[in-house]
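Structure, as C-alpha cells:
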Amino acid sequence: MDSLLLGSFPKPSSLTIGGNFWRSKTCGKNYYASSHAPTASWHKRKIQKEHNFLRFKQLSLNHTYKGIKGGCTSQECSRKYVVKAASEQSFESEPQAFDPKSIWVSAKSSLDAFYRFSRPHTVIGTALSIISVSVLAVQKTSDLSPLFFTGVLEAVVAALFMNIYIVGLNQLSDIEIDKINKPYLPLASGEYSFQTGVIIVASFSILSFWLGWIVGSWPLFWALFVSFLLGTAYSINVPLLRWKRFAVLAAMCILAVRAVIVQLAFFLHIQTHVYKRPAVLSKPLIFATAFMSFFSVVIALFKDIPDIEGDKIFGIQSFSVRLGQKKVFWICVLLLEIAYGVALLMGAASPFLWSKIVTVLGHAVLALVLWYRAKSVDLKSKASITSFYMFIWKLFYAEYLLIPLVR
C-alpha cells in the first residue's frame, strides 16, 4: 500500500532535477525565463501542497493499519481506557465499603430506626408491668429462685415480641396518618419500606407464639393470643375491624390488655406454671387490676390528644376529636387523681406499717406531681401535650414499682 500511494506521484528528488533542467534549458533566454517564472513557481507550490496532503493521508492510513494489525482501534482503545479507569475507581472505592466508621454509622442508624419503630415507652411499660405482677406471687424469700427468674424472663421476652407486633401493625395501618401526627416514625419517614415493616411484624408475632408454645404455660400462651387478637382488631383496616376508629372500642382494647390480661395472666403464669400453686386472686392483685384499669383508660384517652389533627383528616372519631382536647385532658387528670386517692385509702388500710407508709407517701407524692405538671401544660402546643403524655407513662412505670409493696 505504501509503494502504491507513493508511486502515483512524483517524488521531491525528481521535481528538483526537473526544475534544474527547465532552468538550464532557458538560462540563455532571459526574456523567456522572466515571462514564465511566476507560472512555474505556482505549479511547484501546488504540487508541493498535494504531496503534503497525500503524505498526511498515507500516515493516517498507516496508523490505522498498524492499529488494526495490533488489535486496537481508536474506539477500542478508548473503551479499554474507560474500563481501566472504572476498574481503578472501583478498587479505590472498595476500601471505603469496609470502612469500620461507615459500618458503625450504618449500624447505629439501623438500631435507632428499630428503637423508634418498637415504641420504647410501651416496651418499658410491658416489661415493668410483668416483672411487678410476677413479684406479687412471691410469698417468701425462697421463692426468689432461678426457676422464678427463668419464668419471668420467658414471660417478658414473649410479651415484648408481641408488643412489637402490635405497635408495628399499628404503624403499618397508619402510615399516612403518622406522616402528619408522628413523621419521625420509620415507616412514616420512609426509613422503612412497607415490605420491611411487614417482615418485622410477622417475624415478631411468630417468635412470640413460638416462645409461648415451647414454654408450655397456658396462662402465658392465652395472654399472647388474646393480645394478638385485640391488637389486630384495633389496627388492621378491614371490614368490621380497625376498632381504633371508635373511641369506646379503642379504649376497651387497651384496658383489656394493659389492665386485665397483664395483671391476671402473668400473675397466673408465675403462680400456676412456675410455682405449681393453685390459682388465687390476692388483695394486691385485685388492687393492681383496679388501679391499672383507671390508668389504661387514661392512656387510651390521652394518646389521641396530640394526634387530633391527623385523626380529623382521616376520620378517626377519638374522644379528643369529639369532645375537644381541653376537656379530654382534664378528664384524664381527674381520673388519675381519683385512682391515687383510692390507692391512698388502700395503703392506709394495710396491716403492715412499712406497706402503709410506702404506699401512702408514694401515691401522695405522685398525685401532687401530676397536678403540678398538669397546670403548666400549654394545650395549644403539641410539643407540650406530647411531653405530658410521656410524663404519664413515667407515672405508669412508677406505679408498677409501688404495686409489689401493696400488702
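The values are calculated or read from the model by the stated rules, or taken from the named source; none is laboratory data. Keep in mind that what you see is a predicted model, and the values were worked out from it rather than measured. Positions of Cβ are generated from backbone atoms using ideal geometry, with glycine treated the same way; all protein chains shown enter the neighbour counts. What goes into the accessible areas is simple: the full protein's heavy atoms, side chains included, and nothing from ligands, DNA or RNA. Shrake-Rupley method; radii C 1.70, N 1.55, O 1.52, S 1.80 Å.
For this structure, a couple of remarks:
- Only one of the numbered conditions (1) in contact (Cβ under 8 Å) with a residue 24 or more places away in the chain; (2) of a type outside the set (D, E, K, R); (3) open to solvent by less than 30 Å² (accessible area, probe 1.4 Å); (4) in contact with a Lys or Arg (Cβ under 8 Å, 6 or more places away or on another chain) is not met by LEU379, and that is (3).
- Flag for ARG407 being surrounded by 13 or more Cβ atoms within 10 Å (Cβ to Cβ), part of a loop (DSSP other than H, G, I, E, B) and in contact with a helix residue (DSSP H, G or I) (Cβ under 9 Å, 6 or more places away or on another chain): yes
- Test result for SER145, closer than 30 Å to HIS273 by Cα and open to solvent by less than 20 Å² (accessible area, probe 1.4 Å): no
- Among residues of the range 114-131 that are open to solvent by 50 Å² or more (accessible area, probe 1.4 Å), those with a beta-carbon under 7 Å from a residue that is among the β-branched types (Val, Ile, Thr) at least six positions away or on a different chain give the pairs ILE131/VAL152; ILE131/VAL156.
This table checks each residue for (1) among the aromatic types (Phe, Trp, Tyr); (2) buried (at least 18 other Cβ atoms within 10 Å of the Cβ); (3) in contact with a Phe, Trp or Tyr (Cβ under 9 Å, 6 or more places away or on another chain); (4) touching a residue at least 40 places away in the same chain (Cβ under 8 Å).
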| position | (1), (2), (3), (4) |
| --- | --- |
| GLY216 | no, no, no, yes |
| PHE221 | yes, yes, yes, no |
| VAL226 | no, no, no, no |
| ALA247 | no, yes, yes, yes |
| ILE270 | no, yes, yes, yes |
| VAL274 | no, yes, yes, yes |
| PHE287 | yes, yes, no, yes |
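- Sole exception among (1) touching an Asp or Glu at 6+ places or on another chain (Cβ under 8 Å); (2) crowded, with 20+ Cβ neighbours inside 10 Å for LYS182, by number: (2)
- First in the range 100-112 and more than 13 Å from TYR192 (Cβ to Cβ), second anywhere and modelled with pLDDT under 90, Cβ under 8 Å, 6 or more apart: SER102/GLN96
- Of all residues making up the range 116-142, the number that are among the charged types (D, E, K, R) and modelled with pLDDT under 95: 1
- The set of residues from the range 133-142 being touching a helix residue (DSSP H, G or I) at 6+ places or on another chain (Cβ under 9 Å) and either more than 26 Å from SER205 (Cα to Cα) or open to solvent by 20 Å² or more (accessible area, probe 1.4 Å) (or both) comprises VAL135, LEU136, ALA137, VAL138.
- Identification of helices (runs of 4 or more DSSP H) wholly contained in the range 241-306 with 2 or more residues that are farther than 30 Å from LEU323 by Cβ yields 262-268, 283-302.
Let's see how each residue does on (1) open to solvent by less than 70 Å² (accessible area, probe 1.4 Å); (2) out of contact with any His (no Cβ under 6 Å at 6 or more places or on another chain); (3) among the hydrophobic types (A, V, I, L, M, F, W, C); (4) on the phi > 0 side of the Ramachandran plot:
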{"site": "GLN325", "(1), (2), (3), (4)": "yes, yes, no, no"}
{"site": "VAL333", "(1), (2), (3), (4)": "yes, yes, yes, no"}
{"site": "LEU345", "(1), (2), (3), (4)": "no, yes, yes, no"}
{"site": "ALA374", "(1), (2), (3), (4)": "yes, yes, yes, no"}
{"site": "ILE385", "(1), (2), (3), (4)": "yes, yes, yes, no"}
{"site": "PHE388", "(1), (2), (3), (4)": "yes, yes, yes, no"}
{"site": "TYR397", "(1), (2), (3), (4)": "yes, yes, no, no"}
{"site": "TYR400", "(1), (2), (3), (4)": "yes, yes, no, no"}
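- Residues of the range 349-366 that are touching a Lys or Arg at 6+ places or on another chain (Cβ under 6 Å) and either in a loop (DSSP other than H, G, I, E, B) or open to solvent by 20 Å² or more (accessible area, probe 1.4 Å) (or both): SER350, PHE352.
- Qualifying residue in the range 201-212 (condition: exposed (fewer than 15 other Cβ atoms within 10 Å of the Cβ) and of a type in the set (Val, Ile, Thr)): yes
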